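Remarks on the structure that follows.
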Amino acid sequence: MPVVNLPKIKHVRAFTVRGGGADYHDQGAGHWIDDHIATPMARYPEYRQSRQSFGINVLGTLVVELEADDGTIGFAVTTGGEPAAFIVEKHLSRFLVGRSPADYEKIWDQMYFSTQYYGRKGLVVNAISGVDLALWDLLGKLRQEPVYHMLGGAVRDELQFYATGARPDIAKELGFIGGKLPLHHGPAEGIEGLHKNIADLAEMRSRCGDDFWLMLDCWMSLDIDYATRLAHRAWDECGLKWIEEALSPDDYWGYAQLKKNAPKGLLVTTGEHEATRWGFRMLMDMECCDIIQPDVGWCGGVTELMKIGAYADSKGVMMVPHGSSVYSYHFVITRHNSPFAEFLMMHPGPTEVVPMFAPQLLGEPVPVRGKIRASELDKPGFGVELNRDIALHRPYPN
């Protein structure tokens, strides 16, 4: 058969948008996701009650759109807002225009190493991730294939989910395999706060029964002593399944110590705020955790996630990506060492299953009884469309 020459990329556009979606912390008042959750800033009383108070939602969503010269458009959403839009339009676009989306490996390499002097992690890799996801979406649409087919195909017939939110008891009723609670009180609130954390967890255990997974999301807020004490009490008194992102993501040595300190049987997990194959290599080579949790919109996109996942597989480390809707679903369904997935409960209660990245994505599948069938992903690209009715702003047009 002759080689098919795909259309080349003609236009690169980067937009910002406010309100939920990919920047899921950008929510209105009364949402569970902003209710006195332990953070590294909780050492300051004025920033303890709300994560928005210290600026967690200041950037907003980044939307990257790539248009091929036949008019086909691929897009993706992640976080990064206006600074990331500047990076995409003013720097990264030179590696995209005139190129085939099938050249994603070379494009990723050029984007990463051209920005290495001011990037490597964080905002710049968020921007690279958004471009990479848009590339895969475009490639799938041009080939008329879902992304998961291009990644090797499904290894199971359905995705199974645990739910992240303030009401694991309701998550159980809705059919999820487990519930991950936000930790509310950090070290600055002393032993009283620790007692409250255990009381909250014990209350949820009494509601959910002994066989339902319960996990704690600590959002980088603890020190090694507090994390160790919390881990032992939560395991002994409440049967905790895992303790997540207890320490600063830069503290690989602390994570290695926490994994040694943790009670046998309790899993230590982290990686939501880690980036690239090199960061995750550190986590795995230093035996920092039992499960890595890269976010495909933050760690480097699908192109990098494949490398991270392959290394994890070779090390016998489980990889359960941080909740990122269809962008992780298409990957998880293709990997044996990703046996289940995370679903962020974005209902304010949270008492209902609603699309995670609404209102930005149209056609986003949601779990029913905690599951999504592989066949629900059978649309070209990532299988979703951009909601053109939202207020998109393009701050840096070329």
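The values are calculated or read from the model by the stated rules, or taken from the named source; none is laboratory data. Please read these numbers as outputs of a predicted model, since none were measured by experiment. In this analysis, Cβ positions are derived from the backbone assuming ideal geometry, glycine residues included, and neighbour counts consider all displayed protein chains.
Only one of the numbered conditions (1) assigned to a loop (DSSP other than H, G, I, E, B); (2) out of contact with any Gly (no Cβ under 6 Å at 6 or more places or on another chain); (3) within 25 Å of Val384 (Cα to Cα); (4) of a type outside the set (Val, Ile, Thr) is violated by Leu59, and that is (2).
In the stretch 245-257, the qualifying residues are those that are crowded, with 24+ Cβ neighbours inside 10 Å and of a type outside the set (Phe, Trp, Tyr), and the one that is farthest from Leu181 (Cα to Cα) is Leu247. When Ala199, Ala154, Ala188 are checked against the criterion of being exposed (fewer than 15 other Cβ atoms within 10 Å of the Cβ), out of contact with any strand residue (DSSP E or B) (no Cβ under 8 Å at 6 or more places or on another chain) and in the same structural domain as Ser375 (by TED's automatic domain parsing), Ala199 stands alone in meeting it.
Where residues in the stretch 157-182 are in a helix (DSSP H, G or I) and of a type in the set (A, V, I, L, M), which of them is surrounded by the fewest Cβ atoms within 10 Å (Cβ to Cβ)?
Our first condition is that a residue be in a helix (DSSP H, G or I); within the stretch 157-182, this holds for 168-173.
Now narrow it down to the ones that are of a type in the set (A, V, I, L, M): 170-171.
Details: Ile170: 21, Ala171: 29.
So the residue we want is Ile170.
What is the residue count in the stretch 358-398 for residues that are in a strand (DSSP E or B) and touching a helix residue (DSSP H, G or I) at 6+ places or on another chain (Cβ under 9 Å)?
Step one: filter the stretch 358-398 for residues in a strand (DSSP E or B), giving 361-362, 368, 371-373, 381, 385-386, 393.
Within this subset, residues satisfying the condition of being touching a helix residue (DSSP H, G or I) at 6+ places or on another chain (Cβ under 9 Å) are 361, 372, 381, 393.
The number of residues fulfilling the criteria is 4.
From the list Gly309, Gly370, the lone residue that is at positive phi and in contact with a strand residue (DSSP E or B) (Cβ under 6 Å, 6 or more places away or on another chain) is Gly370.
Just to check your reading of the model, which residue among Thr39, Thr16 is of a type in the set (Val, Ile, Thr) and in contact with a Gly (Cβ under 6 Å, 6 or more places away or on another chain)?
Numbers: Thr39 fails: in contact with a Gly (Cβ under 6 Å, 6 or more places away or on another chain).
Just a single option satisfies the conditions, and that option is Thr16.
If you go through the stretch 322-357 and keep only what is under 15 Å from the mean Cα position of the chain (by Cα) and assigned to a loop (DSSP other than H, G, I, E, B), you end up with His322, Gly323, Ser324, Ser325, Ser338, Phe340, Met345, Met346, Pro355, Met356, Phe357.
If you check Ile87, Ile107, Ile128, which single one turns out to be among the hydrophobic types (A, V, I, L, M, F, W, C) and farther than 17 Å from Val302 by Cα? Spell out how you get there, then give the answer.
Values: Ile107 fails: farther than 17 Å from Val302 by Cα; Ile128 fails: farther than 17 Å from Val302 by Cα.
None of the other options fit; the residue is Ile87.
Would you check if Ala227 is among the hydrophobic types (A, V, I, L, M, F, W, C), surrounded by fewer than 19 Cβ atoms within 10 Å (Cβ to Cβ) and either in the same structural domain as Pro321 (by TED's automatic domain parsing) or in contact (Cβ under 8 Å) with a residue 24 or more places away in the chain (or both)?
No.
When the residues of the stretch 66-91 are filtered to those that are part of a loop (DSSP other than H, G, I, E, B) and at positive phi, the one that is surrounded by the most Cβ atoms within 10 Å (Cβ to Cβ) is Gly80.
Evaluate the stretch 92-100: report whether one residue or more is assigned to a loop (DSSP other than H, G, I, E, B) and under 23 Å from the mean Cα position of the chain (by Cα).
Taking the stretch 92-100 as the starting set, the residues that turn out to be assigned to a loop (DSSP other than H, G, I, E, B) are 96-100.
Among the residues that remain, those that are also under 23 Å from the mean Cα position of the chain (by Cα) are: none.
No, because not a single residue in the stretch 92-100 is assigned to a loop (DSSP other than H, G, I, E, B) and under 23 Å from the mean Cα position of the chain (by Cα).
Residues of the stretch 297-323 that are closer than 17 Å to Leu151 by Cβ, without any contact (Cβ under 8 Å) to a residue 60 or more places away in the chain and buried (at least 21 other Cβ atoms within 10 Å of the Cβ): Leu305, Ile308, Gly309, Ala312, Met319, Val320, Pro321.
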